[in-house]
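Participant: Before we start, here is the structure in question, set down as structure tokens.
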Amino acid sequence: AYAEFRYHNSDLHAKDTMMLSLGTGRKTTNLDCEVTANWGAAEWLYQGSYLTSNAVASASDYQLNAVYDSNTNYLRLDSSFDDNQSSSMDNTDKDYLDYLISLGESIVRDKQTEIHAFAEELISNSK
């Protein structure tokens with residue numbers, strides 16, 4: 001997203017902008033080499049999607065932290081899914097949606113100070 005933004009706004013730099021990054025959640029994946037040693041394509045396909053999406057999100061966060069070089073201009077909100085919860089993007093069960101709402105509320109509670117500071121910075125920069 002940042003690269004696309006810069007492509008269309010080449011005169012604006014990180015020091016002149018603020019970014020709020022909203023994650024889609026991470027699934028904790030612990031793989032045992034004894035178990036995975038005999039996996040075929042099907043097993044890797046299922047677990048590999050979690051590994052790949054977690055890696056992409058982590059790389060993006062790492063790069064944006066480096067680009068912005070300031071906690072006041074960049075804030076990422078994300079969380080991990082409980083192991084007993086499905087993190088499937090097409091899960092529309094009421095219990096799962098309720099879980100997502102509670103997860104979002106917990107992120108806001110845990111990051112309240114950072115969110116408030118980010119909002120204050122945004123307001124002060126808009127004047």
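Participant: Mind telling me which of the residues S79, S126 ends up being loosely packed, with under 15 Cβ neighbours inside 10 Å, at pLDDT below 90 and not basic (K, R)?
Facilitator: On the way: S79 fails: loosely packed, with under 15 Cβ neighbours inside 10 Å.
Going through S79, S126 in turn, the sole match is S126.
Participant: State all residues of the range 9-28 that are surrounded by 14 or more Cβ atoms within 10 Å (Cβ to Cβ) and either modelled with pLDDT of 85 or more or not charged (D, E, K, R) (or both); if no residue qualifies, say none.
Facilitator: Of the residues in the range 9-28, the ones surrounded by 14 or more Cβ atoms within 10 Å (Cβ to Cβ) are 14, 17-19, 21, 23, 25-27.
Within the range 9-28, A14, T17, M18, M19, S21, G23, G25 qualify.
Participant: Hey, does the range 38-49 have a residue that's surrounded by fewer than 15 Cβ atoms within 10 Å (Cβ to Cβ) and within 18 Å of the chain's Cα centre (by Cα)?
Facilitator: Yes: one or more hits.
Participant: State all residues of the range 82-114 that are modelled with pLDDT of 90 or more, surrounded by 12 or more Cβ atoms within 10 Å (Cβ to Cβ) and within 28 Å of A3 (Cα to Cα); if no residue qualifies, say none.
Facilitator: Of everything in the range 82-114, those that are modelled with pLDDT of 90 or more, surrounded by 12 or more Cβ atoms within 10 Å (Cβ to Cβ) and within 28 Å of A3 (Cα to Cα) turn out to be G104, I107, K111, E114.
The rows are residues; the columns are (1) touching a helix residue (DSSP H, G or I) at 6+ places or on another chain (Cβ under 9 Å); (2) in a helix (DSSP H, G or I); (3) among the polar types (S, T, N, Q).
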residue: L20; (1), (2), (3): yes, no, no
residue: N38; (1), (2), (3): no, no, yes
residue: T52; (1), (2), (3): no, yes, yes
residue: S88; (1), (2), (3): yes, no, yes
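The values are calculated or read from the model by the stated rules, or taken from the named source; none is laboratory data. Nothing here was measured: the structure is a model prediction, and the numbers come from that model. Virtual Cβ from ideal backbone geometry, glycine too; neighbours counted across all protein chains shown.
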